[in-house]
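Please read the structure below before turning to the comments.
The values are calculated or read from the model by the stated rules, or taken from the named source; none is laboratory data. From a predicted model like this one, the values you see are computed outputs, not experimental measurements. Here the Cβ is made from the backbone with ideal geometry for all residues, glycine too, and neighbour counts use every protein chain on show. Heads up: the accessible areas ignore ligands, DNA and RNA and are worked out on the full protein's heavy atoms, side chains in. Shrake-Rupley method; radii C 1.70, N 1.55, O 1.52, S 1.80 Å.
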Amino acid sequence: MKVLRWIGWTIVGIPLLIVIALAAYRFEGMPQTDGELVVPGLVTSVRVVREANGVAHVFAQSQRDAFYAMGLLHAQDRLWQLEMNRRVVAGRLAEVLGPAALDTDRFLRTIGVRRNAERIAAGLDDETRASLQAYADGVNAGVDIVRRQPWKLSPEFLILGVRPERWSIADSIGWSTMMAWDLSGNHATELLRFALSQTLSTAQIAQLIETYPTQETGDYAALYAGLDRAPVAALLESIPPAGIEGIGSNNWVVDGKRTTSGKPLLANDPHLGLNSPALWYFAHLSAPGLEVIGATLPGLPNVVLGRNARIAWGFTNTAPDTQDLFLERIDPADGSRYETPQGSAPFVVRTERIRVKGEADVELTVRETRHGPVISDVHGDMRRALEARNTQRKYVLAFQWTALSADDRTIRSGLRMNRAANWEEFLAAAKDFSAPQQNIVYADVEGNIGFIAPGRVPVRKPENDLMGLAPAPGWDARYDWSGFVPFEELPRVYQPGSGAIVTANQNILPPDYPHFISAEFTLPYRYDRIVERLAEKDRHDAESFAAIQADVTSRAVIEMLPILRKATPTSARARAALARLEQWAGVMSPDAAEPLIAVGWIDRLRRLVFEDEVGEKLFPLVERQRGRTRALLRAMTEESHAKWCDNVRTPTVETCAQMLDRALEDTVDDLTARYGEDMNAWNWGAAHVSVSDHRPFSRQALLAKIFEIRTPTGGDTHTINVGRNNPWDPNEPFANRWAASLRAIYDMGDASKSRFIHSTGQSGHVLSPHYRDMAQKWSRVEYLPMRMDRAAIEKDAYATLTLKPGAR
């Protein structure tokens with residue numbers, strides 16, 4: 001009996017102890033949000049008031065102390081995110097993630113984001129340096145707390161055995177550069193054109209990945225003849241992804257003539273990869289000369305997107321071409337040198353040592369040319385292909401990017417935007433903005449609206465026949481940059497007669513604009529739909545703007561529907577699927593089956609039409625590119641493009657009509673296997689579930705169930721309420737992985753009507769009630785109030801923490 005009793009207590013007791021331990025960790029592991037906390041480095045006391053949703057309001061007696069508090073809050077709520085951000089910047093992921101992260105580290109060390117950040121830090125003005133140092137001091141105060149109380153670390157540190165390191169000014173600068181990387185994807189399309197040119201002509205590639213606006217180029221496929229480009233796919237997989245279609249944004253602003261209040265309204269929703277926790281952290285900073293609220297980035301002290309007491313602003317990516325690849329020719333007489341227009345020059349060489357968890361350190365030799373770092377050295381196969389002994393000449397690929405400049409002052413620009421009180425001060429702040437070039441819309445309480453696209457954009461020479469679309473001969477001076485577009489000549493608008501400004505990554509340049517900015521703007525599906533929705537009402541308010549942000553009508557799908565409806569399927573189920581699209585209006589509603597059928601069909605058709613020519617390895621990389629959107633439409637409707645429909649792997653000649661029918665049959669079979677026989681039960685929202693990826697636990701199935709955040713969503717890649725799926729994912733091809741990372745509406749007539757939401761919650765601690773508490777609201781396009789009135793904030797305070805100065 002004693003044994004049975006012991007077994008019984010064991011069966012009950014062990015799970016009970018686990019529950020008790022988790023409960024204790026759940027409560028004791030959370031950061032302190034009430035009472036007093038003594039921290040070193042503050043000059044005067046700071047009051048931090050948190051709302052019930054976790055949004056923090058910082059009331060400080062100096063801007064320096066406000067930035068210190070911002071750093072501490074980021075450390076309290078997002079320390080693992082900061083740790084990963086810092087390691088990305090430095091190329092030190094393999095230290096904690098092992099060999100799987102080695103290629104990424106190789107690339108990040110090669111381009112030298114952290115090295116350049118240190119150069120930028122050395123040249124900062126005193127005011128910017130003081131702000132960044134105050135922020136770093138605040139982060140480090142949070143790091144010191146969890147070092148003394150390790151039970152307050154989030155589970156990622158404990159599971160991976162990682163000890164948080166201290167933050168520095170260079171870490172903040174480096175993270176700003178990595179945000180520019182996410183929005184600067186031209187290197188990927190250049191590499192892709194380089195790879196495709198092994199089997200396709202320059203003209204074929206132009207049909208497959210269109211330029212917008214149309215940009216003619218020289219015959220680069222002939223230029224690369226004899227070079228083995230097969231390893232390019234592996235090199236692209238080694239590089240952190242950037243410039244993926246779906247990474248973009250919407251913003252628009254209308255003046256008082258078009259609002260119910262008589263004052264401007266401004267809306268913004270940046271489209272980025274979804275992460276757990278979200279990329280953004282909401283905060284309100286209040287100090288003498290500083291009264292700003294909005295979205296901050298853990299790693300930076302300022303509000304990146306938001307409003308202050310006088311103005312509001314919102315970003316979308318301009319999609320400029322600020323990166324070029326150069327095919328550098330190695331000096332045949334001396335492999336340590338390469339050819340330039342002025343003769344032979346030595347590579348600049350340095351050595352990096354990369355620590356790898358569980359394995360020996362890896363030594364990396366980095367070469368640089370006059371254009372920049374040699375990225376073909378990142379992947380051994382790529383280097384061997386370009387420098388093969390049996391080739392007549394040997395080459396390397398060098399990378400030039402405007403963000404890798406020691407005089408970048410983007411962070412200073414952000415800090416000054418937070419304090420700007422009018423258009424003139426805002427422009428003065430924007431002048432320092434280097435990377436990434438952004439379309440910034442502006443509004444102020446006086447009723448003015450405006451637009452500026454600040455950023456450092458290279459000037460390419462008239463004789464440059466590649467214009468940054470494919471790797472250029474580095475020994476030929478006509479492909480070198482010739483300075484940068486002057487700030488005064490960058491696109492801008494102030495007080496337009498239309499009373500509205502809309503940007504959605506479309507071509508924002510007037511027909512007579514004198515400078516080349518890009519040939520890879522996004523097609524104007526979202527832009528056209530926003531303009532259409534704005535025209536539906538004479539006067540708008542925050543509610544009507546919210547309705548526009550929720551819009552899920554897909555102009556891209558509508559464009560394809562007449563083609564899809566021409567199908568002549570043979571099976572009863574395929575005919576039933578087609579019948580559902582006959583009267584459907586292209587609204588990507590989460591509770592409907594039609595979006596699932598349409599997206600599945602279009603994705604399958606694209607694969608059938610293009611994969612045989614492109615190849616299995618490169619096809620998923622083509623699918624990432626925004627320039628591939630209309631290639632399918634043209635193949636199905638234009639005789640000159642119809643040859644894409646023939647499967648070159650078979651002896652017969654297939655037609656586009658045959659491919660259309662086959663794609664429908666394949667799609668219906670696939671959807672039936674995934675979601676069952678009952679077509680009425682198929683549901684776009686369930687299939688198109690948003691997946692907020694966790695670094696690194698999304699790679700581990702069990703941990704992914706705990707750390708990822710999932711909610712049903714509507715929309716598609718081209719709707720205002722965007723939601724891009726990943727069609728090459730065999731397990732979840734319809735899951736929404738790129739979407740509105742936040743939504744905000746700024747009412748310049750009544751600040752209390754301004755609102756915002758982001759995709760997860762304020763906390764990065766998976767056991768916190770604020771880890772995922774915004775997700776459902778975000779999915780339903782609901783909002784939180786954007787509150788700046790101190791009396792109202794204090795009245796409804798959920799938690800109040802006083803930070804007191806202590807000895808260093």
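Do the conditions hold for T553, that is, is it in contact with a strand residue (DSSP E or B) (Cβ under 6 Å, 6 or more places away or on another chain) and open to solvent by less than 40 Å² (accessible area, probe 1.4 Å)? Give the derivation first.
On the way: in contact with a strand residue (DSSP E or B) (Cβ under 6 Å, 6 or more places away or on another chain): yes; open to solvent by less than 40 Å² (accessible area, probe 1.4 Å): yes.
Spelling it out, T553 is indeed in contact with a strand residue (DSSP E or B) (Cβ under 6 Å, 6 or more places away or on another chain) and open to solvent by less than 40 Å² (accessible area, probe 1.4 Å).
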Is it fair to say K617 is more than 29 Å from A267 (Cα to Cα), open to solvent by 60 Å² or more (accessible area, probe 1.4 Å) and either at pLDDT below 95 or within 24 Å of the chain's Cα centre (by Cα) (or both)?
yes
List every residue pair whose Cβ atoms lie under 7 Å apart, where the two residues are 6 or more positions apart in sequence or sit on different chains, the first residue falls within region 499-526 and is open to solvent by 10 Å² or more (accessible area, probe 1.4 Å), and the second residue, located anywhere, is part of a helix (DSSP H, G or I) and at pLDDT below 95.
E520/N186; E520/T189; E520/R626; E520/G627; T522/R626
Is it fair to say A398 is of a type in the set (G, A, S), part of a strand (DSSP E or B) and either within 26 Å of G174 (Cα to Cα) or touching a Cys at 6+ places or on another chain (Cβ under 7 Å) (or both)?
yes
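Looking at G138, G112, which is the one that is on the phi > 0 side of the Ramachandran plot and in contact (Cβ under 8 Å) with a residue 24 or more places away in the chain? Steps first, please.
Working: G138 fails: on the phi > 0 side of the Ramachandran plot.
Step by step, each of G138, G112 is checked, and only G112 is on the phi > 0 side of the Ramachandran plot and in contact (Cβ under 8 Å) with a residue 24 or more places away in the chain.
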Give me the strands (runs of 3 or more DSSP E) completely within region 331-376, filtered to those with at least 1 residues that are modelled with pLDDT under 95 and over 33 Å from the mean Cα position of the chain (by Cα), ordered by residue number.
none
Residue under question is P712, and the condition is that it be open to solvent by 60 Å² or more (accessible area, probe 1.4 Å), in contact with a Gly (Cβ under 9 Å, 6 or more places away or on another chain) and over 30 Å from L235 (Cβ atoms); does it hold?
yes
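State all residues of region 727-763 that are part of a loop (DSSP other than H, G, I, E, B), open to solvent by less than 40 Å² (accessible area, probe 1.4 Å) and either within 17 Å of L266 (Cβ to Cβ) or in contact with a strand residue (DSSP E or B) (Cβ under 9 Å, 6 or more places away or on another chain) (or both); if no residue qualifies, say none. Spell out how you get there, then give the answer.
The initial filter retains those residues of region 727-763 that are part of a loop (DSSP other than H, G, I, E, B), namely 727-735, 741, 748-750, 754, 759-763.
If we keep only those that are open to solvent by less than 40 Å² (accessible area, probe 1.4 Å) too, we end up with 727, 729, 733-735, 741, 748, 754, 759-763.
Result: D729, P733, F734, A735, S741, M748, S754, S759, T760, G761, Q762.
For region 457-474, give me each residue that is in a loop (DSSP other than H, G, I, E, B) and either surrounded by 20 or more Cβ atoms within 10 Å (Cβ to Cβ) or polar (S, T, N, Q) (or both).
Within region 457-474, the subset in a loop (DSSP other than H, G, I, E, B) is 457, 461-471, 474.
Listed by number, the residues that qualify are V457, N464, L466, M467, G468, L469, A470, P471, G474.
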Would you confirm whether or not region 419-436 contains a residue that is surrounded by fewer than 24 Cβ atoms within 10 Å (Cβ to Cβ), under 23 Å from the mean Cα position of the chain (by Cα) and without any contact (Cβ under 8 Å) to a residue 24 or more places away in the chain?
yes
Conditions (1) assigned to a loop (DSSP other than H, G, I, E, B); (2) hydroxyl-bearing (S, T, Y); (3) open to solvent by less than 20 Å² (accessible area, probe 1.4 Å) -> T44 fails only (3)
Return a yes/no flag: does region 96-109 have any residue that is in contact with a Ser or Thr (Cβ under 6 Å, 6 or more places away or on another chain) and open to solvent by 10 Å² or more (accessible area, probe 1.4 Å).
yes
Given (1) surrounded by fewer than 22 Cβ atoms within 10 Å (Cβ to Cβ); (2) touching a strand residue (DSSP E or B) at 6+ places or on another chain (Cβ under 7 Å); (3) over 30 Å from D377 (Cβ atoms); (4) small (G, A, S), index of the condition A66 fails:
(1)
